[in-house]
Amino acid sequence: MSAAAQPLDILSPAFAADPYPAYAVMREKEPLIWHEATQSYILSRYDDVERVFKDKRSEFTTDNYNWQLEPVHGKTILQMSGREHAVRRALVAPAFRGSDLQEKFLPVIERNSRELIDAFRDSGSADIVSDYATRFPVNVIADMLGLDKADHARFHGWYTAVIAFLGNLSGDPEVTAAGERTRVEFAEYMIPIIQERREKPGDDLLSALCAAEVDGVRMSDEDIKAFCSLLLAAGGETTDKAIASILANLLAHPEQLAAVREDRSLIPAAFAETLRYTPPVHMIMRQSAVDVEVSGGTIPAGATVTCLIGAANRDERRYREPERFDIFRDDLSTTSAFSAAADHLAFALGRHFCVGALLAKAEVEIGVDQLLDAMPDLRLADGFDPVEQGVFTRGPQSLPVRFTPVTT
């Protein structure tokens, strides 16, 4: 283990421009790095990151979220452990799987996708990021919660400030202050709505959360507000990046785009491979509870551990030709890709596996399917080369496309 040299510095401009070469060097030569600026140990190999997430020996905690998440969200389910975590997860999970997802929310997803596409369907051009991806998941979540979509700009502003706070690895005080303001503003917005739903429940997710009870435990107003804040940030930013990335990856591989257009049942495979190849979230932190031996050395107890998902998902020890985007690869299971048994790391694993994974899958499947229907000869705008941006979360900032409108 060594202190990070400049080329491997996760805060360097070179890393932000293209982290993948640095990831390869880390995996090969420096699988454990002490990073002075973030005061954390950085892991880059698949087996090490998988071990942290699965945490079968109770070696790691999510205590890091006390300072990383709580200032912007309040106390969330991600910080909880043991029975407290199990009960809270049981309270929120039903809405994101099974019949609730199928019956109540698939129509919401289909409608929101169609409404956004209708705005550019006849124009022959669009920016997939600004016209669709940044709006779609936030609109869906607002509808699920029964919030006013006219407040979309506020939701988007809040979640952008929260994600900036989480990715504020250099400690910019203005970013910190904006994130902390968001917690106050979101509470002022949400708490009266939560109290109103307790009095007059409707057929929406917010009302369901107000009414949910497990083992005599119900969620407080603060619990619900924190969960909604987390849902907007996690569900907005990640699905936004995932939709932009899956289309950017397919456009860069025309033969795979053609295959998906021909057989839409390949969309989940294209999504799973996108989650592996260009995950929306590139790093997740944990805290070590004990001294832990990993590749390259020992992490002492009480240390912050930065797990590089973007590096681990391209580990040559785990995947054949990991630097190649291939929706047909046979070392990535589509069947388990959206469950806690996934063999990529984009949703984490274990007890803190992303509760919204199936919601994200439904949004991507419906969204990509409808976009391909509306844009039969989808292609990048002339001369445009998609560029990923971001360090903590990462994806194309813009994706201008051209197409021949479908005549009906």
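The values are calculated or read from the model by the stated rules, or taken from the named source; none is laboratory data. Model, not experiment: these values are computed from the prediction. Because the Cβ atoms are built from the backbone with ideal geometry, glycine has one as well, and the counts that use them run over all protein chains shown. Remember, those area values only see protein heavy atoms, side chains included, never the ligands or the DNA or RNA. Shrake-Rupley method; radii C 1.70, N 1.55, O 1.52, S 1.80 Å.
General observations
- Scanning segment 370-396 for residues that are under 20 Å from the mean Cα position of the chain (by Cα), of a type outside the set (Val, Ile, Thr) and surrounded by 16 or more Cβ atoms within 10 Å (Cβ to Cβ) returns Pro386, Glu388, Gly390, Phe392, Arg394, Gly395, Pro396.
- Selected residue (criterion: most open to solvent (accessible area, probe 1.4 Å)) from residues of segment 306-333 that are part of a loop (DSSP other than H, G, I, E, B) and either touching a Ser or Thr at 6+ places or on another chain (Cβ under 7 Å) or of a type in the set (S, T, N, Q) (or both): Ser333
- Inspection of segment 334-346 finds a residue satisfying the criterion of being in contact (Cβ under 8 Å) with a residue 40 or more places away in the chain, within 27 Å of Leu116 (Cα to Cα) and crowded, with 19+ Cβ neighbours inside 10 Å.
- Count - residues of segment 188-205 that are outside any loop (DSSP other than H, G, I, E, B) and touching a Cys at 6+ places or on another chain (Cβ under 7 Å): 4
- Among (1) open to solvent by 40 Å² or more (accessible area, probe 1.4 Å); (2) touching a residue at least 24 places away in the same chain (Cβ under 8 Å); (3) within 16 Å of Ala93 (Cα to Cα) - the single one Ala211 does not satisfy: (2)
Table: residues versus (1) exposed (fewer than 15 other Cβ atoms within 10 Å of the Cβ); (2) in contact with a strand residue (DSSP E or B) (Cβ under 7 Å, 6 or more places away or on another chain); (3) farther than 21 Å from Asp143 by Cβ; (4) not aliphatic (A, V, I, L, M).
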| residue | (1), (2), (3), (4) |
| --- | --- |
| Thr160 | no, no, no, yes |
| Leu166 | no, no, yes, no |
| Ser170 | yes, no, yes, yes |
| Glu174 | yes, no, yes, yes |
| Thr182 | no, no, yes, yes |
| Phe186 | no, no, no, yes |
| Arg197 | no, no, no, yes |
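- When restricted to residues that are acidic (Asp, Glu) and over 30 Å from Ser125 (Cα atoms), segment 336-373 contains 1.
- Of all residues in segment 110-132, those satisfying the criterion of being out of contact with any Leu (no Cβ under 8 Å at 6 or more places or on another chain) and hydrophobic (A, V, I, L, M, F, W, C) are Leu116, Ala119, Phe120, Ala126.
- If you go through segment 140-187 and keep only what is in a loop (DSSP other than H, G, I, E, B) and either at positive phi or β-branched (Val, Ile, Thr) (or both), you end up with Gly146, Gly171.
- Helices (runs of 4 or more DSSP H) completely within segment 4-96 that count 1 or more residues being modelled with pLDDT under 90, over 21 Å from the mean Cα position of the chain (by Cα) and basic (Lys, Arg): 82-92
- Leu251 within 12 Å of Pro396 (Cα to Cα), crowded, with 18+ Cβ neighbours inside 10 Å and not charged (D, E, K, R): no
- Each residue in segment 363-408 was checked for being part of a helix (DSSP H, G or I) and either basic (Lys, Arg) or touching a helix residue (DSSP H, G or I) at 6+ places or on another chain (Cβ under 7 Å) (or both), and 11 of them qualify.
- Condition met for Glu222 (closer than 19 Å to Leu147 by Cβ and surrounded by fewer than 21 Cβ atoms within 10 Å (Cβ to Cβ)): yes
- Hey, Gly350 without any contact (Cβ under 8 Å) to a residue 40 or more places away in the chain, of a type in the set (Gly, Ala, Ser) and at positive phi or not: no
- For first residues located in segment 177-194 and closer than 13 Å to Leu69 by Cα, partners that are open to solvent by 30 Å² or more (accessible area, probe 1.4 Å) and lie 6+ apart or on another chain with Cβ distances below 6 Å form the pairs Glu180/Pro71.
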